[in-house]
1. Filter the helices (runs of 4 or more DSSP H) completely within the stretch 163-269 down to those with at least 1 residues that are farther than 21 Å from PHE88 by Cβ and open to solvent by less than 30 Å² (accessible area, probe 1.4 Å).
2. Taking the stretch 4-37, which residues are touching a helix residue (DSSP H, G or I) at 6+ places or on another chain (Cβ under 8 Å), at pLDDT below 90 and either acidic (Asp, Glu) or open to solvent by 20 Å² or more (accessible area, probe 1.4 Å) (or both)?
3. Scan the stretch 199-219 for residues that are without any contact (Cβ under 8 Å) to a residue 24 or more places away in the chain and within 20 Å of ILE170 (Cβ to Cβ) and report the count.
4. Do we have any residue at all in the stretch 51-69 that's of a type outside the set (S, T, N, Q), surrounded by fewer than 19 Cβ atoms within 10 Å (Cβ to Cβ) and either modelled with pLDDT under 95 or over 29 Å from ASN129 (Cα atoms) (or both)?
5. Note down all Cβ pairs under 8 Å where the first residue falls in the stretch 240-261 and is within 16 Å of VAL28 (Cβ to Cβ), the second is acidic (Asp, Glu), and they're at least six residues apart or on different chains.
6. Test LEU58 against the criterion of being in contact (Cβ under 8 Å) with a residue 40 or more places away in the chain and in contact with a Lys or Arg (Cβ under 9 Å, 6 or more places away or on another chain), and give yes or no.
Amino acid sequence: MHDSWLIFSNLALPICAGITFFALSRYVLLIAPMRTLVTGELTYKGAAWGFAFFGVYLITRPLQILLGPHPMTLIVNSIREYCMMGLFAPAVFVAMMSLCFGAENIPKRFIVGIFMVANLFATAFLLINAEAIGGSEVIFHIGSYPAYDGVWFHTHNPRGETLMALLFVIRFLDPLFLLFMAGVIVFRHARHYPAARRAVYDNMPKKLYLLAAAVFSFPVSMLITGLLVFIGIPNQWWVYYIGAVLAGFLEAASLRLPLRRDVQVSEHQ
């Protein structure tokens, strides 16, 4: 029974979450030509790329644990973390900024700066992560085939604890804080959506509230996972994927909602 849960949480759940975000990325590209007049091209480009990179992060969890012991676990984990920290988080943040403030009001220097900072965090994380990992261990078997994962939480020496603390700080800044701020920006935009635009696009506040909830879902799941580590329950990665699936459904609900209530058939049909 224990192995069944581990197989589900480490294989089936990440694959479902990854497919969800690949589908969202595709859907965003399909509806972008019909929505960019309202929200701007940068919003949909950022969202589509962000969802694609997040899909890569999610769906490659099985590769991390099935391709063999260390260093394969570290190699795949490094690729996954870079996709999330260096590409997904800044892309979504820029997309949300464009949605709320208008692409014409987002300087290219700001966009470049966000990606540079995110990539510095990602690079620092990968370097420290390579030092912090303590090898790998078998976490379950599929028949006789072993699934391995990295050993990050078994070291009790001061250096190892310092490295883990640094990883938590970087993870808190990117992607957790970056995504949380994106959610706050969208939520605030929904609350203060201009009356003149609301008169035309009366469904936009509802769409924005759903979008804010979607953006909040993943960082909140990461925060819960981190808190579980602090109380002595590490490696609860499945919480990430539950948060990601919830974010995907909320995002889909926001995207499918027409801009106006009196639109009976949405643009994609």
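The values are calculated or read from the model by the stated rules, or taken from the named source; none is laboratory data. Given the structure is predicted, the values throughout are model-derived calculations rather than measurements. A quick note on method: Cβ atoms are made from the backbone with ideal geometry, for glycine too, and the neighbour counts reach across all protein chains shown. Accessible surface areas use protein heavy atoms only, side chains included; no ligands, DNA or RNA. Shrake-Rupley method; radii C 1.70, N 1.55, O 1.52, S 1.80 Å.
1. 178-191, 204-230
2. Selection gives LEU29, THR36.
3. The number of residues fulfilling the criteria is 0.
4. So far as the stretch 51-69 goes, no, none of its residues is of a type outside the set (S, T, N, Q), surrounded by fewer than 19 Cβ atoms within 10 Å (Cβ to Cβ) and either modelled with pLDDT under 95 or over 29 Å from ASN129 (Cα atoms) (or both).
5. PRO258/GLU267
6. yes
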